[in-house]
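The values are calculated or read from the model by the stated rules, or taken from the named source; none is laboratory data. Remember, predicted model here, so these are calculated numbers, not experimental data. Here the Cβ is made from the backbone with ideal geometry for all residues, glycine too, and neighbour counts use every protein chain on show.
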Amino acid sequence: MSEKDIAIKIEGLKKEYRLGVIGGGTLQGDIQSWIARKRGKEDPNSQIGAKAYARNERFLALDGIDLTIYKGERIGIIGHNGAGKSTLLKILSRVTAPTQGRICVDGRISSMLEVGTGFHGELTGRENIYLNGAILGMSRSEVSRKIDQIIDFSECRQFIDTPVKRYSSGMYVKLAFSVSAHLDADILVMDEVLAVGDMKFQHKCLEKMSEVSRSEGRTVLYVSHNMNTIRQLCDRCVVLDHGKLIFDGDVEEAIGLYSDIHKKDIASYHDLREAKRYIGRRDNRIVTFESIEFLNKEKNTFYDDEDVTARIMINSETKLDRVSIRFGYFDMYDRKIASSLCMDIGTLEKGENELVVGMSFAGMVPSSYRGELILFNIDSFGTLHEQDIVLEAYYFDLESRKEYEWNQLKWGSIRLKDVIKKKLKKL
């Protein structure tokens with residue numbers, strides 16, 4: 001492709017952050033902190049128990065990214081949490097500025113970095129459509145020509161004249177995606193936005209992104225942890241790891257490399273206090289998974305015919321009855337393939353609790369997997385309350401003692417018992 005076909009060109013991109021809190025919020029507080037540092041004393045405005053960062057301690061979120069994206073391409077961006085994916089998209093969307101490097105963009109960018117980005121809660125859905133159009137530099141008449149298409153696609157016509165602060169997260173996503181996909185932007189930037197919508201709408205969005213890329217020549221940048229959507233949408237994929245671009249090319253190769261990154265150091269002990277959790281439970285948890293450890297194992301490599309013992313540490317702020325745990329399992333393509341239950345483990349006492357469980361992976365084929373933990377209790381009315389959900393609790397490899405040939409992508413990640421032949425005869 002020629003230079004004129006380039007949509008985005010990134011050269012030597014770096015983004016550096018200073019760790020810790022910058023500024024105390026008031027002039028008096030900043031002066032007190034400055035005097036304390038000069039005297040070598042503890043900062044009087046720091047939180048008790050908070051980690052003290054040196055003033056020169058820095059974090060390099062992006063470290064020398066070089067990337068060329070051509071018009072009409074659908075690029076997937078994958079990597080572990082903290083790899084720099086969202087930072088890259090924020091810089092492209094001009095939400096934040098780079099520390100070093102150069103970015104050249106040919107065309108208008110429409111971004112969906114999180115649910116409701118660019119929406120004003122007090123405005124109605126219709127008013128927010130015009131607001132987003134104005135942000136993209138479109139006139140009112142240009143937006144008016146497309147507004148019916150936007151409303152129909154979003155499936156929110158009944159609520160389009162209602163303030164969006166009353167919308168559910170799913171309605172937010174539907175309307176925000178519809179606006180981004182239909183307004184005249186040359187580049188669509190999407191960051192894990194389809195994780196909230198229902199399955200039917202996700203499929204509809206993927207088809208729309210493919211359509212605008214193929215028929216209208218728009219460029220799509222899509223970040224997701226769902227490898228299925230990456231595979232369905234993207235024709236090229238890049239992998240980020242600790243701020244560096246380590247792969248740029250075929251989608252299947254990228255997904256394989258992404259899976260291998262997790263396999264490099266799969267330790268038997270996992271500290272779950274900082275693990276990725278379901279966002280809705282982050283601020284109001286009364287029960288927290290502290291850690292999980294697979295006993296008598298140095299690495300999380302198991303055989304498909306063995307029972308595995310795990311120790312789970314749980315912290316509770318109060319006494320809690322009728323507690324259970326659900327274990328969810330995801331394959332290397334990020335498809336949820338199975339769940340198992342540990343029902344009614346008993347009563348959690350206030351403070352730290354230890355639970356030892358036996359786990360079996362019979363039926364799962366040899367491959368790499370991700371484990372999810374969900375702790376819930378059932379109240380006296382029979383209502384289930386999810387208390388803590390750890391999305392990325394642990395990773396493990398499953399092996400077989402027998403010779404094994406199985407096409408996981410085509411045949412699935414669960415192998416049921418073989419079908420028994422009862423009779424065969426010529427008719």
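Among the residues of the stretch 388-398, are any under 20 Å from the mean Cα position of the chain (by Cα), under 22 Å from residue 309 (Cβ atoms) and hydroxyl-bearing (Ser, Thr, Tyr)? Taking every residue of the stretch 388-398 in turn, at least one turns out to be under 20 Å from the mean Cα position of the chain (by Cα), under 22 Å from residue 309 (Cβ atoms) and hydroxyl-bearing (Ser, Thr, Tyr). Taking the criterion of being surrounded by 17 or more Cβ atoms within 10 Å (Cβ to Cβ), under 27 Å from the mean Cα position of the chain (by Cα) and modelled with pLDDT under 85, the residues of the stretch 119-145 that qualify are 119, 132, 136. Considering (1) under 17 Å from the mean Cα position of the chain (by Cα); (2) free of Cβ contacts under 8 Å to residues at least 12 places away in the same chain, the lone condition that residue 207 does not fulfil carries the number (1). Please go through the stretch 336-362 and pick out each residue that is surrounded by 15 or more Cβ atoms within 10 Å (Cβ to Cβ) and within 30 Å of residue 256 (Cβ to Cβ). Within the stretch 336-362, 337, 338, 359, 361 meet the criteria. Within the stretch 130-147, residues that are in the same structural domain as residue 186 (by TED's automatic domain parsing) and under 22 Å from residue 106 (Cβ atoms) reach partners that are among the aromatic types (Phe, Trp, Tyr) and in a loop (DSSP other than H, G, I, E, B) with beta carbons closer than 8 Å, at six or more positions or on different chains, in the pairs 132/119. Here 360, 367, 340, 316 are screened, and the one residue that is under 27 Å from residue 78 (Cβ atoms) and of a type in the set (Ser, Thr, Tyr) is 367.
Are any residues in the stretch 205-222 buried (at least 22 other Cβ atoms within 10 Å of the Cβ) and β-branched (Val, Ile, Thr), and if so, which ones? Passing the criteria: 219, 220. Among the residues here, residue 408 does not qualify as at pLDDT 85 or above and either at positive phi or in contact with a Phe, Trp or Tyr (Cβ under 9 Å, 6 or more places away or on another chain) (or both).
The numbered conditions (1) in the same structural domain as residue 178 (by TED's automatic domain parsing); (2) touching a residue at least 60 places away in the same chain (Cβ under 8 Å); (3) not in a loop (DSSP other than H, G, I, E, B) are all true for residue 64 except (1). Figure legend. Inter-residue proximity from the stretch 291-307: first residues part of a strand (DSSP E or B), second residues aromatic (Phe, Trp, Tyr) and surrounded by fewer than 17 Cβ atoms within 10 Å (Cβ to Cβ), beta-carbon distance below 6 Å, spacing 6+ or different chains. Indicated pairs: 293/269. Here the condition is being on the phi < 0 side of the Ramachandran plot and at pLDDT below 80; of 153, 159, 201, it holds for 201 alone.
Can you list the strands (runs of 3 or more DSSP E) found entirely within the stretch 327-408 that contain at least 1 residues being in contact with an Asp or Glu (Cβ under 6 Å, 6 or more places away or on another chain) and farther than 27 Å from residue 232 by Cβ? Those strands (runs of 3 or more DSSP E) span 336-348, 351-360, 367-378. For the stretch 248-275, filtered to residues that are assigned to a loop (DSSP other than H, G, I, E, B) and surrounded by fewer than 17 Cβ atoms within 10 Å (Cβ to Cβ), the residue that is modelled with the lowest pLDDT is 265.
In the set (1) out of contact with any His (no Cβ under 8 Å at 6 or more places or on another chain); (2) assigned to a helix (DSSP H, G or I); (3) under 22 Å from residue 72 (Cα atoms); (4) aliphatic (A, V, I, L, M), the condition left unmet by residue 175 is number (3).
For the residues 38, 51, the requirement of being out of contact with any Pro (no Cβ under 7 Å at 6 or more places or on another chain) and at pLDDT 75 or above singles out 38.
Given the condition over 22 Å from the mean Cα position of the chain (by Cα), modelled with pLDDT of 85 or more and not in a strand (DSSP E or B), answer yes or no: does some residue in the stretch 75-96 qualify? No, because not a single residue in the stretch 75-96 is over 22 Å from the mean Cα position of the chain (by Cα), modelled with pLDDT of 85 or more and not in a strand (DSSP E or B).
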